[in-house]
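Heads up, the thing below is written out as structure tokens.
Derivation of every value follows stated rules applied to the coordinates shown; laboratory data play no part. Not measured: the values here are computed from a predicted model. Glycine also receives a Cβ, built like all others from the backbone with ideal geometry; neighbour counts cover every protein chain displayed.
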Amino acid sequence: MAAETPDISVVVVSYNTAGLLAACLESVQATEGVSYEVAVVDNASKDGSPEVVRKRFPWARLIVNQINRGFGAANNQALPGCAGKYIVLLNPDTTVEPDSFRKMAAFMDGHPETGLAGPMVLNPDGTRQDTVSFRYPGHRHGAADLGRLPGEIACVLGACQIVRASLLRDLGGFDEDFFLYGEDQDLCLRVRKLGFEIGFIRDAVIMHHGGQSEIDTQPAELVRKKLRAEYLFYRKHYRAESIRRIRNAQRLRALWRILSIRMLLPVTADRTAALRKLERYRVVMEEAAG
């Protein structure tokens with residue numbers, strides 16, 4: 001239950017996910033073995049998400065934005081009011097097992113070398129999501145620019161992360177230049193650059209539906225958003241020469257795929273799917289061109 005000085009502060013950023021947000025907060029409310037507080041930051045949802053929080057979860061601190069400020073900026077809005085030792089950054093399209101937060105806090109207590117960690121994440125059908133990465137985007141060409149970093153894990157999925165509150169404040173929160181996508185990788189890298197490891201908490205479990213706030217986004221436009229976040233990451237952390245090699249490699253791969261799809265198009269069974277792929281690779285070519 002909530003406490004004046006909670007063990008953890010949970011921050012949920014919502015954007016047009018009212019139904020899933022309610023399920024998320026219900027699961028948080030069932031938390032056992034650890035004290036917590038919750039802040040919900042709504043990014044100008046049009047589906048009544050703020051009303052759901054006001055009516056059904058009045059114990060949550062609610063911040064309502066008049067415009068969509070982006071994921072990182074919205075999280076940063078909640079940080080000044082967070083009193084917990086740890087901050088859990090939780091997506092609204094997740095549900096949490098009752099003991100997950102307790103296990104996450106216990107892991108952080110027992111691993112002072114870890115600055116940020118993620119739990120086990122499952123799909124709705126119970127299969128495991130691949131949420132742990134040992135490489136950053138563009139690793140093949142830019143790894144040398146990063147030097148030697150602590151730990152083996154590069155990044156854990158941003159659907160649920162627990163981070164030391166003092167460390168997150170030292171970092172200044174998220175880099176708000178990342179509107180959506182890439183901010184989790186950037187945050188994890190910045191944590192490691194300050195000398196902390198990234199952890200994985202195998203026995204803490206959440207369920208993640210995934211991609212619900214972008215359900216109406218066209219596939220090619222989604223590719224464009226993700227690529228622009230990638231190149232922002234590259235510009236921030238890699239040398240210009242490394243970025244040039246990354247652009248060249250992406251152009252070559254995309255060109256090869258475009259030529260292959262065009263050659264096979266006359267005999268392709270699913271022409272619509274092939275044309276969608278063609279459109280996505282054209283976006284890759286455009287973004288790689290800079």
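Answer with yes or no whether Gly151 is surrounded by 13 or more Cβ atoms within 10 Å (Cβ to Cβ), without any contact (Cβ under 8 Å) to a residue 60 or more places away in the chain and either on the phi > 0 side of the Ramachandran plot or assigned to a strand (DSSP E or B) (or both). So Gly151 fits the description; yes. Please work out if Val41 is more than 16 Å from the chain's Cα centre (by Cα) and among the β-branched types (Val, Ile, Thr). It is false that Val41 is more than 16 Å from the chain's Cα centre (by Cα) and among the β-branched types (Val, Ile, Thr). Determine if segment 155-174 includes at least one residue that is more than 15 Å from Lys85 (Cα to Cα), among the aliphatic types (A, V, I, L, M) and in a strand (DSSP E or B). Yes - at least one qualifying residue is present in segment 155-174. Determine whether Gly142 is touching a residue at least 24 places away in the same chain (Cβ under 8 Å), in a helix (DSSP H, G or I) and either touching a Ser or Thr at 6+ places or on another chain (Cβ under 7 Å) or not hydrophobic (A, V, I, L, M, F, W, C) (or both). It is true that Gly142 is touching a residue at least 24 places away in the same chain (Cβ under 8 Å), in a helix (DSSP H, G or I) and either touching a Ser or Thr at 6+ places or on another chain (Cβ under 7 Å) or not hydrophobic (A, V, I, L, M, F, W, C) (or both).
Does at least one position in segment 179-187 carry a residue that is part of a helix (DSSP H, G or I), under 18 Å from the mean Cα position of the chain (by Cα), of a type in the set (A, V, I, L, M, F, W, C) and more than 30 Å from Arg276 (Cα to Cα)?
Taking segment 179-187 as the starting set, the residues that turn out to be part of a helix (DSSP H, G or I) are 183-187.
When the remaining residues are screened for being under 18 Å from the mean Cα position of the chain (by Cα), the result is 183-187.
Imposing the further condition that a residue be of a type in the set (A, V, I, L, M, F, W, C) reduces the set to 187.
From the residues that got through so far, the ones that are more than 30 Å from Arg276 (Cα to Cα) too are 187.
Yes: segment 179-187 contains one or more residues that are part of a helix (DSSP H, G or I), under 18 Å from the mean Cα position of the chain (by Cα), of a type in the set (A, V, I, L, M, F, W, C) and more than 30 Å from Arg276 (Cα to Cα).
Exactly one condition in (1) surrounded by fewer than 24 Cβ atoms within 10 Å (Cβ to Cβ); (2) in contact with a Lys or Arg (Cβ under 7 Å, 6 or more places away or on another chain) is not met by Gly48; state its number. Status for Gly48: all satisfied but (2).
If you go through segment 53-90 and keep only what is closer than 21 Å to Asp186 by Cβ and touching a helix residue (DSSP H, G or I) at 6+ places or on another chain (Cβ under 8 Å), you end up with Arg69, Phe71, Gly72, Leu79, Cys82, Tyr86, Ile87, Val88, Leu89, Leu90.
Give segment 130-171 a look and list any residue that's farther than 30 Å from Phe101 by Cβ and among the basic types (Lys, Arg), or say none. Reasoning before the result, please.
Residues of segment 130-171 farther than 30 Å from Phe101 by Cβ: 138-148.
Of everything in segment 130-171, those that are farther than 30 Å from Phe101 by Cβ and among the basic types (Lys, Arg) turn out to be Arg140, Arg148.
For residues that are over 16 Å from the mean Cα position of the chain (by Cα) and either in a loop (DSSP other than H, G, I, E, B) or touching a residue at least 40 places away in the same chain (Cβ under 8 Å) (or both), tally how many sit in segment 116-135.
Going through segment 116-135, the residues over 16 Å from the mean Cα position of the chain (by Cα) turn out to be 124-128.
Cutting the leftovers down to either in a loop (DSSP other than H, G, I, E, B) or touching a residue at least 40 places away in the same chain (Cβ under 8 Å) (or both) gives us 124-127.
Number satisfying all stated conditions: 4.
Of all positions in segment 16-32, none carries a residue that is within 24 Å of Ala165 (Cα to Cα), over 19 Å from the mean Cα position of the chain (by Cα), buried (at least 21 other Cβ atoms within 10 Å of the Cβ) and acidic (Asp, Glu).
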